[in-house]
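This report concerns only the one structure given below.
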Amino acid sequence: MNIVERLNDMLPYVEIGNGFQTAVDWSRTNLTALFDGIAAFVDALVGPLVDLLTAPPAIVMVLIFAGLGWWLRSWKFGLGTALGLGLVAGMPIWNQTMSTLALVLVSSGLALLIAIPVGIVISESRRASAVVRPVLDLMQTMPAFVYLIPAIFFFGVGVVPGALATVVFSMPPGVRLTELGLRQVDREVVEAGEAFGASPWKILLRTKLPLALPTIMTGVNQVIMLALSMVVIAGMVGAGGLGEVITTALFRAQVGAGFEGGVAVVILAVVLDRLTDSIGGRTASAKAQRAMQKA
Amino acid sequence: METVSALRVKSLYKVYGNRADKAAEILRNSPDRDEKLAGLPVTAAVVDANFEVKRGEIFVVMGLSGSGKSTLIRMLNGLLPPTYGTVEVDGVDITKLKPAALRKLRREKMSMVFQHFALQPHRSVLDNAGYALEIAGLPRAERREKALEALRMVGLDGWADKLPQELSGGMRQRVGLARALAAGTDIMLMDEAFSALDPLIRREVQDQLIGLQAELGKTIVFITHDLNEAMRLGDRIAVMRAGRIVQIGTAEEILTDPSNDYVAQFVADVDRTRILTASAVMERPLGVVDVNSGPRVAARVLRETQTSAVYVTGRGKQYLGTVTADAATQAVRDGRKDLREIVSTEYVRTVEDTTPVADIFAPCAESPAPVAVVDADGRLAGVIPRITLLSALGSLSSDADEGSTTPEPTHAADPAPTGDAMPTGDTLPTGDTLPTGDTLPTGDTLPTGDTLPTGDGTGTAPAGNGPAATPEVPAQAVAEPSARMTGEPA
């Protein structure tokens, strides 16, 4: 027994948790202005968007989404969208669905705003890539709930911590697929740009990004899907929407209400997935790829 | 400006690896340099390249993959910085230019055509052709006009609105060519530009390039691993091996006088009859008489040489024609004094000294006496008996065979005749090693131009033993006479 105790004593006590706690405490005291600013910014984005999406009658919105689906994909998809969203509107949890949509759009928008430039930088520099990749791994494998704790600490309960936790959680595939897409661009095509005297900036904008766009759009799609998967968790910190429907049902053991919330999430996911997918398919280089397959 | 070469490369080195500078220094300074490099974690891609490319010239750099030719061409426009040495474009050392100045120089002076075309798949053929102009910042309308003009030149003006993927490989490379032409630069770098095309298409695009070059007078640096392509296109050819340029010269110089065993092996597969000219195989004529010497002298020479006709030359060795034995005897009998009356150009065929050997077969077969070879000034340069033509081919082939088996090919020791020199008798196989008498080998072994595949030959065709430089293009070697020539030069 003595030996076991001694061996255990040999392990140093690493206070990583305390360190993190201290860092968070310090940030909270000294960076109040920053967090307030961020909170105001996110609120200013989500609030009006929710208002916009919920302003028209549900039936009008359903028809708008159906038209979008028809235009971007096919009349079949348009019809499916109308039926699916019609079901949601009929449950009736339309307003919650729209505020979830707003949350997803804002968080994935912010995530992409960071992810795409970071992806561009790490596609150009191996060293930057070596630094960023482990961070991305950490962000993806850390349980999503863990982000909520400091988020509540900084921003209190509400939409903002939910949105920011979603941003962090959904960002990695955006970075990874941007990097992948850019690295996959034919080296000889890039070299041709250099050989004809194009600047690196021009090569990035005119050649690399357009050619990487289908892959980047896959990243956008993934970011949106991950953001949607966070909504239930975000609901726990008071972000509202479908997350709230589901968590409330969970705490009150209302099987039916929980099921309704779940179905609405699934329908929203399918619509968003197919819509972003077809936007990716409409890019010039995706068309070029199809032409290549035909030939 | 005319005196400055379009491109001048001086002691250029490219070494990859951690201690590239150190390695380049060792390579420069020590005679037994390869051994000293052994310990360093480096790859020497280009070692001590020196050459100049003249204006309006097609300069071909030829070598197998890994010989450093792609690295070399990328240093010419600064896509790769050299480890040591200078590259001058119109007298400007581009290795010292800042990135922005280098980009400007590329826009204004050099364009490039790539092996796998390197077109932008998401943009139309027209946009691709006008790419260089777009980078140069030309307004859209002007860009369109020039790009269309370039597409017209390569015969693709009807395809402007297609995407590159909708075109065949050959057409795509013509778009690549149009892109380089539209750039309007004097220098074009072509990196294995036709290597990805199948042989028939390749031939077609090669012809197009030769035509365009003749029309536009571009300076072209062309990289290839295909010797036949090099011979076809190149005004001059640089042969590269393991990073070093082992020989620079015209196609004929490289064929007839390879600088070492490696080059000799490399050229073993080439269809020599298309490259070698009459001057390389002709012999000193046996019976030549001056036009003023009279029929009696002609008749005596005919007797002495045991030939059916003598060659008659006038002032300054001007070739006038031949006198046959019958005509000379008749003239002596009739008591005529002037050879001019009986000289004929009908009996013996005449070829120019620049005629490719492939085109001499027919005149040779039709002519009862050796074909007369005249130079550009009309002087009698030599003659080609049928048997010489065949034996010359035979000796070329057997030289090539020996090049791959013996350490020191005879070529290296004994320079073969060059274009302007009269071959002396001993550089060609002498009579006693030839098949009997004056008759041709039997019909089934007669060379018939370039139509016989080597496989149908005698089984000793050079293609079988050579380094197989061009697997995708069967060497268009001529089938050899069944009686193989054993005669070596000297």
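The table for this structure:
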read-out: Computed lengthening from B:Lys104 to B:Ala365, 0.36 nm per intervening residue step minus Cα-Cα distance; value: 88.1 nm
read-out: Within straight-line cross-link reach of B:Lys54, lysines at Cα separation under 21 Å, skipping those fewer than 8 residues along the same chain; value: B:Lys10, B:Lys69, B:Lys109, B:Lys218
read-out: Karplus-derived HN-Hα couplings along the range A:148-162 (A = 6.51, B = -1.76, C = 1.60, θ = phi - 60°), whole Hz, x at Gly and Pro; value: 5, 4, x, 4, 5, 4, 7, 10, x, 8, x, 5, 4, x, x
read-out: Cα centroid separation, the range B:283-316 to the range B:322-393 (Å); value: 11
read-out: Rounded, prolate or oblate (a/c below 1.5 giving rounded, otherwise prolate when a/b exceeds b/c) for chain A by Cα gyration tensor; value: oblate
read-out: Average partner coverage of B:109-120, which counts Cβ from other chains inside 10 Å; value: 5
read-out: Within 10 Å of each Cβ in B:160-172, the average number of Cβ atoms from other chains; value: 2
read-out: Rounded if a/c under 1.5, otherwise prolate or oblate - the range A:1-74, Cα gyration tensor axes; value: oblate
read-out: Within 10 Å of each Cβ in B:66-78, the average number of Cβ atoms from other chains; value: 1
read-out: Nonlocal amide H pairs with B:Ile58, under 5 Å, H built at 1.01 Å; value: B:Ile220, B:Asp235, B:Arg236
read-out: Computed accessible area, B:His122, all protein chains, 1.4 angstrom probe, square angstrom; value: 30
read-out: For the range A:21-160, the fraction of alpha-carbon pairs in successive 10 Å shells from zero, as %; value: 10, 25, 29, 24, 11, 1
read-out: Stretchable slack from B:Arg19 to B:Arg140, in nm (0.36 nm times residue separation minus alpha-carbon distance); value: 38.8 nm
read-out: Theoretical FRET efficiency, 1/(1+(r/R0)^6), r = Cβ-Cβ of A:Val135 and B:Thr354, R0 51 Å, to 0.05; value: 0.10
read-out: Accessible solvent surface per residue of the range A:115-168, calculated while the other protein chains remain in place, 1.4 angstrom probe, Å²; value: 51
read-out: Neighbourhood charge, 12 Å Cβ-Cβ cut-off, centred on A:Ile93 and excluding it, Lys, Arg +1 and Asp, Glu -1; value: -2
read-out: Distance from the range B:170-240 to the range A:115-185 (C-alpha centre basis), Å; value: 48
read-out: Choice from A:Ala163, A:Ala239, A:Ala130 showing the highest fluctuation, given a GNM over chain A with Cα pairs closer than 10 Å; value: A:Ala130
read-out: Residues with amide H under 5 Å from that of B:Leu276, placed H, sequence gap 5 or more; value: B:Val357
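The values are calculated or read from the model by the stated rules, or taken from the named source; none is laboratory data. For clarity, every value in this text was computed on a predicted model and none was experimentally measured. Methodologically, a virtual Cβ is constructed for each residue, glycine included, from the backbone with ideal geometry; neighbour enumeration extends over all protein chains shown. Side chains included, ligands, DNA and RNA excluded: accessible areas come from the protein's heavy atoms. Shrake-Rupley method; radii C 1.70, N 1.55, O 1.52, S 1.80 Å.
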